[in-house]
Structures are given as structure tokens and as C-alpha cells.
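Data block below; observations after.
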Amino acid sequence: MQKKFKILLRIIVILIVLMLIILVAMQFKPDVKKSNYKEIDKIANYNYLLEDRDSKLMQEVFKNLKNVLKSTEINYELYAEYLSELFVIDLFTMDNKDNKYDVGGAEYVLPEVVENYKLNVEDTIYKYMQDKNTTKRDKYAIVKSINKDTLEQTKYTFNNTEYDAYKITLNWDYEEVNEYAKKGVITLIKKDNKLYVVSYEKVE
């Protein structure tokens with residue numbers, strides 16, 4: 001009887017310790033919620049949103065994409081070009097982000113890989129980003145211009161399924177000199193008549 005009591009007591013202690021660990025972890029979990037930004041434009045049926053914090057360059061490219069997607073027959077090469085530009089602008093315009101967890105470009109990424117994408121950006125490009133509420137926060141990168149170098153139609157296999165795809169090479173500049181990427185290759189796939197970013201590779 002005493003042995004059973006000791007086992008039960010150990011189980012209770014273990015459960016209490018686990019609960020304390022969980023509570024402490026929740027206490028120190030970073031706040032990943034974004035500030036309340038105002039939506040200033042959207043593209044119906046595609047879930048692409050433009051917010052008041054987005055740069056003028058992003059607003060211009062967003063308008064271009066919206067016009068393409070309004071057409072009865074969509075020009076998918078232009079769709080791919082503008083979507084990849086929005087992806088890069090949002091990813092590397094870091095000055096308007098709340099913190100390292102406020103990852104740009106995520107809404108253009110294939111849903112099945114978006115969590116891995118966010119984790120990768122948090123651990124690399126955004127790794128040392130200070131919180132927006134930090135006193136005297138550093139000024140971060142802002143993309144001021146972007147251009148297409150090449151665009152090719154190709155195929156891309158994901159989860160054993162082959163998709164029509166576009167591989168686009170872009171180059172871009174910033175408002176201020178920094179060490180961030182200035183050229184990259186973005187791959188997008190066409191799935192259910194919508195394009196998604198599935199790959200980004202920096203070009204030296």
C-alpha cells in the first residue's frame with residue numbers, strides 16, 4: 001500500500017513540474033501578434049492584402065498585379081513577375097516589421113511550406129531584428145527599386161506532383177547601403193490557377 005502511495009506521489013510531483021515548465025514557457029513566449037495596420041487595398045479571390053505600412057514601391061507593384069488579375073484571361077508571366085516582386089519587397093523591406101516574427105512575404109508562399117519559410121527567415125535574415133517597441137531601434141532595410149532580369153517557364157515537383165512553374169531572376173536596391181541580398185531567383189508554381197512561391201535562392 002505504501003509503495004503504491006509513493007508511486008502515485010511521484011506521478012503527481014512529475015505532473016506538477018511539467019505544468020510549471022509549461023506555464024513558464026508560456027510566460028516567456030514571444031508576442032508574435034502584429035500591430036493593427038489598416039487594410040488599404042485587396043485583390044478579391046486571391047487573399048492578397050495591402051496595408052498602410054507598405055512602401056510606395058509595394059503599393060505600385062500591388063496595383064500592377066491587381067490590374068493583371070482583373071483581366072478575363074490572366075497573363076501568368078506578368079502574374080509571376082509581379083508576385084515575385086511583391087515577395088521580395090515585403091521580405092527585404094524590414095523597417096516596417098514589428099519584430100523578427102513578423103515575416104514579410106509569407107502570404108505569397110505555398111501554405112504547405114509557409115511555416116518552414118517563416119522559421120528559416122526568423123533564424124537568418126531577421127535573426128537580429130529588434131522589437132518595434134525597443135527604445136532607439138535600429139533603422140532596417142527598405143527596398144527602393146526592383147527589376148526583372150529573366151523569366152522562364154519550367155516544371156517543379158512538390159510532394160510527388162509536377163506543377164507548371166516560373167523561375168524568375170530579380171535584382172533590387174535599397175534606400176541605404178547594407179549587406180542584404182540584392183539579387184535572387186524565385187520559383188513559383190501554378191496550383192488551382194493561383195501562383196505560389198516555393199523557393200527563393202540568393203544570387204551572389
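Every number here is computed from the coordinates shown, using simple stated rules; none is lab data. For clarity, every value in this text was computed on a predicted model and none was experimentally measured. Neighbour counts run over all protein chains shown; Cβ positions are idealised from the backbone, glycine included.
Pairs 118/191; 42/194; 167/194; 66/190; 70/167; 167/190: which are spaced more than 19 Å apart, C-alpha to C-alpha?
Check vs 19 Å cut-off fails for 118/191; 70/167.
With the crude spin-label approximation of a point 7 Å out along Cα→Cβ, what separation in nm comes out for residue 128 versus residue 158?
The answer from the label model is 3.2 nm.
Which of rounded, prolate or oblate describes segment 121-174 when judged by the alpha-carbon gyration tensor and an a/c cut-off of 1.5?
oblate
FRET efficiency for residue 150 and residue 63, Cβ-Cβ distance as r, R0 = 35 Å, nearest 0.05?
Efficiency at R0 = 35 Å is approximately 0.90.
Name the residues whose placed amide hydrogens come within less than 5 Å of the amide hydrogen of residue 95, ignoring near sequence neighbours (fewer than 5 apart) on the same chain.
Excluding prolines and chain starts, which carry no amide H, the hits are 140, 141.
Please express the Cα-Cα pair-distance distribution P(r) of segment 66-196 as a list of whole percents, one per 5 Å bin, running from 0 to the bin with the greatest distance.
Cα pair-distance distribution for segment 66-196, in percent: 2, 10, 18, 20, 19, 14, 9, 5, 2, 1.
For segment 54-204, what does the relative contact order come out to in percent, with C-alpha contacts under 8 Å and a separation of six or more?
So the answer I get is 19 percent.
Provide the FRET efficiency to the nearest 0.05 for the residue 74-residue 171 pair, computing r from the beta carbons and using R0 = 22 Å.
0.30
Along Cα→Cβ, 7 Å out, is where each label goes; now give me the distance between the ones at residue 113 and residue 138 in nm to one decimal.
The two pseudo-label positions are separated by 2.8 nm.
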